[in-house]
Amino acid sequence: MSISRQRKIGVTTWIFGQNKLEKTAKIISDMGFDGVELYVDINQTQPQNVKDILADNGLEIFSMTPSNVDLGSSDRQIRKAALDYYKKLIDYGAELGNPIITCHEYIQSQMGTTYAGSRDNLIASCQELAVYAEKAQIKLGFEPLNRYLCRFIMNSNDVLSLLAEINSPNMTVILDTYHGNLEEANLVEAIQKCGDKLSVYQIADSNRKGIGFGHINFAEHFDALNEIKFSGPIILECAQPRQTPGSKEEIDLDELKLHLSVSKKWIVNQTKVLVANN
């Protein structure tokens, strides 16, 4: 039997492209969402300004998206720059409250390219960041991506193995259904395996559009989330083709709002159905 659990629903801000945070926050708030996964240029924006904008719109900050830096690089200067960036991001997050800081591999096209880095370097970097984040009372969440973007951490088995080697209580798992649809043999089993290590669940359908626009069976996912007693936020991440955090693709706001609205309605209705059945 499924047990209904009220979870907060948020939206990642980078899917709004080059729109200013003030406009993005108002749209998200007007649509009735609870909060955001925040992507900002931490060198260009003051945390207090960001905090005020989101508070004025009644939005919580659940998590933060990083810029694309290379924690696994074999070049010491590149890796040091990545570590310095993440430490600054952790400090920035601490000023905003206690959002989970997302970590992931360096994103690079896999078409005909070579990579000067290693999994061992990635682990060492994450261990250093976990110690730093724990002192700031901030949790980290490692997100597996997919074979077209990264090399080492592509699914739940990979990320759980990574967490075991990092061996830090404040390193958690972030799962994304879009990436998982490409890399997991079974997304439901991936949720179950991650269990209480899962801190954030990011949602987009198989084509990175809203729920119901692709072929993912989200009802099974929510049953699994209930089974593991997941209480973290659900973050909607419906993106344009080829869009990445900070990219300059033009955004069709009406289409984006449609995908977000349909997805939110489905999640809310799913909860109502579960309540009625229990």
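The values are calculated or read from the model by the stated rules, or taken from the named source; none is laboratory data. Please read all numbers here as calculations on a predicted model, not as lab measurements. Counting neighbours? That spans all protein chains shown, and the Cβs are built from the backbone with ideal geometry, glycine included. Accessible surface is based on the protein model in full, side chains and every heavy atom, while ligands, DNA and RNA are left aside. Shrake-Rupley method; radii C 1.70, N 1.55, O 1.52, S 1.80 Å.
Over region 170-278, what relative contact order in percent results from Cα pairs under 8 Å that are six or more residues apart?
25 percent
Got a number for carbon plus sulfur as a percent of region 198-249's accessible area, 1.4 Å probe?
48 percent
By the scheme Lys and Arg +1, Asp and Glu -1, what is the net charge of all other residues having a beta-carbon under 13 Å from that of SER63?
Net of charged neighbours comes to -4.
Can you give the Rg to Rh ratio of the chain, both from alpha-carbon atoms, with Rh computed by the Kirkwood formula?
Checking Rg against Rh, the ratio lands at 0.94.
What number comes out for accessible area per residue over region 107-165 if the probe is 1.4 Å? Units Å², please.
Ligands and nucleic acids excluded, the result is 49 Å² per residue.
Taking R0 as 22 Å, what FRET efficiency do you get between VAL131 and ASN43 from their Cβ-Cβ distance, rounded to the nearest 0.05?
0.40
For a Förster distance of 30 Å, can you work out the FRET efficiency between the beta-carbons of THR244 and ASN269, rounded to the nearest 0.05?
Efficiency at R0 = 30 Å is approximately 0.45.
Taking Cα centroids, how far is region 23-70 from region 208-231 in Å?
For region 23-70 versus region 208-231, the Cα centre distance is 24 Å.
How far, in nm, would the chain grow between GLU22 and ASP84 when pulled straight, counting 0.36 nm per residue and subtracting the alpha carbon separation?
Result for the pair: 19.5 nm of gain on full extension.
Per residue, how much space in cubic angstrom lies within the convex hull of the C-alpha atoms of region 47-144?
With only Cα atoms used, region 47-144 gives 105 Å³ per residue.
Roll a 1.4 Å probe over the protein chains and send me the accessible area per residue for region 189-278 in Å².
Heavy-atom SASA per residue in region 189-278 reads 49 Å².
So what is log10(I(q)/I(0)) for region 123-191 at q = 0.12, 0.13, 0.27 1/Å, when the Debye sum runs over its Cα atoms only?
Debye intensities relative to I(0), on a log10 scale: -0.31, -0.37, -1.15.
Would you work out which of TYR115, ASN155, ASN217 lies farthest towards the positive end of the dipole of the chain, given +1 charges on the beta-carbon of Lys and Arg and -1 on that of Asp and Glu, about the Cα centre?
Highest projection toward the positive end goes to ASN217.
List every residue whose amide H lies under 5 Å from the amide H of GLU60, counting only residues 5 or more places away in sequence or on a different chain, with H placed 1.01 Å from N in the peptide plane.
Here GLY35, VAL36 satisfy the definition.
Taking amide H atoms as placed 1.01 Å from N in the peptide plane, list the residues 5 or more away in sequence, or in a different chain, whose amide H sits under 5 Å from that of GLY117.
Result for GLY117 returns SER74.
In whole percent, what relative contact order does the chain give with Cα contacts below 8 Å and a gap of six or more residues?
The value is 22 percent.
Under DSSP H, which helices of the chain have Cα atoms covering 18 Å or more of the helix axis and a Kyte-Doolittle average no less than -1.0?
Those that pass (Cα extent of 18 Å or more, hydropathy at least -1.0) are 76-96, 119-135, 253-276.
Given the whole protein assembly as supplied and a 1.4 Å probe, what does the accessible area of TRP266 come to in Å², nearest 10?
70 Å²
Considering only protein heavy atoms and a probe of 1.4 Å, how much of the accessible area of region 19-74 is carbon and sulfur, as a whole percent?
42 percent
Under a 5 Å amide H to amide H cut-off, with H placed in plane at 1.01 Å, what residues pair with THR172 once short-range neighbours are removed?
Counting only residues 5 or more places away or on other chains, the set is LEU140, GLY141, PHE142.
Grab the DSSP H runs of the chain that are 4 residues or longer, score each as -39,500 (n - 2.57), total them, divide by all residues and round the 222 nm result to the nearest 500 deg cm²/dmol.
Counting only the DSSP helices, I get -13500 deg cm²/dmol.
How large is ³J(HN,Hα), in whole Hz, for each residue of region 237-250 in order, when computed from phi with the Karplus curve 6.51 cos²θ - 1.76 cosθ + 1.60 and θ = phi - 60°, using x for Gly and Pro?
So the Karplus estimates, Gly and Pro as x, are 9, 8, 10, 6, x, 6, 7, 9, x, x, 6, 10, 4, 6 Hz.
Quick check: from the Cα gyration tensor, does region 73-211 come out rounded (a/c under 1.5), prolate or oblate?
Oblate shape, in that a/c is at least 1.5 and b/c is the bigger or equal ratio.
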